[in-house]
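See structure below.
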Amino acid sequence: MTELLVAATDDEVWPGVDDPARLLALLSDWLLGYANRATRHKYAESLGLPVSAADLDPWRQRPEIAHVVHAYAHTLGIPTQPPARAANRPPPARRGRLRHLHWLRWCGARGLDPLAANTTHVKEWLDDLTVDGAAKATRDRMLGTLKAFYGHLADEGVITANPAALSRRRLAVATDHDTTRTVTLTAEQVRALLAAAAAPRPGRDRLGTLRATAVVALFTLGIRVSELCDLTRADLHSTRGRAALRVPGKGDKPRVVYLSGLAQDALNAYLHHRATDTAPAVRGQVKAGTEPLISTRDGKPMARTDVWALLRRIAASAGPDLADVATRIHPHALRHFYVTAAVEAGAELVTVQADVGHASVDTTNRTYNAAARTPDRSAVDLVADAITGAG
């Protein structure tokens, strides 16, 4: 096995990972989903990742990960060199007593690849935290971080299931503030997002505006961000007399996704303008059949991080309608919106399952039930009416 990473101030290593660069890249990609760098810092530290230049310096010396360390450092805003310590500056704080039980260190001590972890490993880890005296709130916070990370990996198709998707109350780690962290968008907010994408902005040309609109419109079809980035022009076709996309899907399970009128109009406008606006030399650099459906200005596929950043910029420009979620919005929130809106409109779960490419209808059901419910999905008024005798 390849040794994963060297910790900061000692010779500790975390063995057990076959591809450490890939794991670090996956961690960076997940952390980029949080707009606030303080949040990224908190989550990285909770998992056992370096959060300072001094901690990261030994990682830069490892050739197997050196090429991804820079991107990770940029994600957390870690400076290139450790700052010089002033003479009157106090020494660094003592390491926390639970440091060895941060998830990645715990895995390393057992030679366990975090990408191969299962629910049994997570439960054993929680037991070790309990034995070492970790407070209930600490265990809840650390499990929440782990659940978010593995949830991202499951959404991207890196793993088949989230090993940290455990009942917090059954494990006695749930706290009073334990509620869903999913950003639940309303139809009005999605309309505002589309309007903000289509609105002209200083510094963004017509092609950029059409690209932003097409990206948001495609997300209203319930596709994943990785799927959007992988789509090519050849994936756009007609099936049973209707425009559709061959979506690659996770786990090598492609599916057909029909275009709504909204998505088709936005995509057609973008592709038409791109065909007349892009220089022939740039188009000629792309092999036939591999031209990205949504591309950067130079004709290359958009990276997932580019799409995340674009969505955040659009949300930030949408004004008061999205003010409460602008810093937390992410592509998966629109996928959740698709599931919730479809089911509440009367679509059958199996139909929605096929649309979004869930391996099991249970996943679709969990996605729907995890969303913050509309008042129509609550029985509180019925109970109140029974008490007051109304109706």
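The values are calculated or read from the model by the stated rules, or taken from the named source; none is laboratory data. Given the structure is predicted, the values throughout are model-derived calculations rather than measurements. Note that we place each Cβ from the backbone using ideal geometry, even for glycine, and neighbour counts take in every protein chain shown. For the accessible areas, the whole protein counts, side chains as well, though only heavy atoms, and no ligand, DNA or RNA atoms are used. Shrake-Rupley method; radii C 1.70, N 1.55, O 1.52, S 1.80 Å.
Scanning the stretch 306-318 for residues that are open to solvent by 30 Å² or more (accessible area, probe 1.4 Å), farther than 12 Å from residue 35 by Cα and in a helix (DSSP H, G or I) yields one hit, 306.
Within the set 70, 41, the sole residue that is farther than 25 Å from residue 98 by Cα, of a type outside the set (Ser, Thr, Tyr), part of a helix (DSSP H, G or I) and open to solvent by 30 Å² or more (accessible area, probe 1.4 Å) turns out to be 70.
Determine the pairs where a residue that is under 22 Å from residue 225 (Cβ atoms) and free of Cβ contacts under 8 Å to residues at least 24 places away in the same chain, located within the stretch 333-350, has a partner that is of a type in the set (Gly, Ala, Ser) and open to solvent by 20 Å² or more (accessible area, probe 1.4 Å) with Cβ atoms under 8 Å apart, the partner being 6 or more residues away or on another chain. Pairs that qualify, where the first residue is under 22 Å from residue 225 (Cβ atoms) and free of Cβ contacts under 8 Å to residues at least 24 places away in the same chain and the partner is of a type in the set (Gly, Ala, Ser) and open to solvent by 20 Å² or more (accessible area, probe 1.4 Å): there are none.
Of (1) in contact with a Gly (Cβ under 8 Å, 6 or more places away or on another chain); (2) farther than 21 Å from residue 303 by Cβ; (3) hydrophobic (A, V, I, L, M, F, W, C), residue 262 satisfies all except one. Which? So the condition that residue 262 fails would be (1). The single condition among (1) free of Cβ contacts under 8 Å to residues at least 60 places away in the same chain; (2) open to solvent by less than 20 Å² (accessible area, probe 1.4 Å); (3) in contact with a helix residue (DSSP H, G or I) (Cβ under 8 Å, 6 or more places away or on another chain) that residue 216 does not meet is (1).
Residues in the stretch 199-213 that are buried (at least 17 other Cβ atoms within 10 Å of the Cβ) and closer than 18 Å to residue 321 by Cβ: 212, 213. Answer with yes or no whether residue 359 is within 16 Å of residue 192 (Cα to Cα) and either out of contact with any helix residue (DSSP H, G or I) (no Cβ under 7 Å at 6 or more places or on another chain) or at pLDDT below 85 (or both). Answer is no for this residue. Scanning the stretch 261-287 for residues that are among the polar types (S, T, N, Q), open to solvent by 30 Å² or more (accessible area, probe 1.4 Å) and modelled with pLDDT under 90 gives 276, 285.
Please enumerate the residues belonging to the stretch 228-242 that are part of a helix (DSSP H, G or I) and of a type in the set (A, V, I, L, M).
Selection gives 228, 234.
Within the stretch 33-73, the residues that satisfy the criterion of being at pLDDT 85 or above and under 15 Å from the mean Cα position of the chain (by Cα) are 40, 43, 44.
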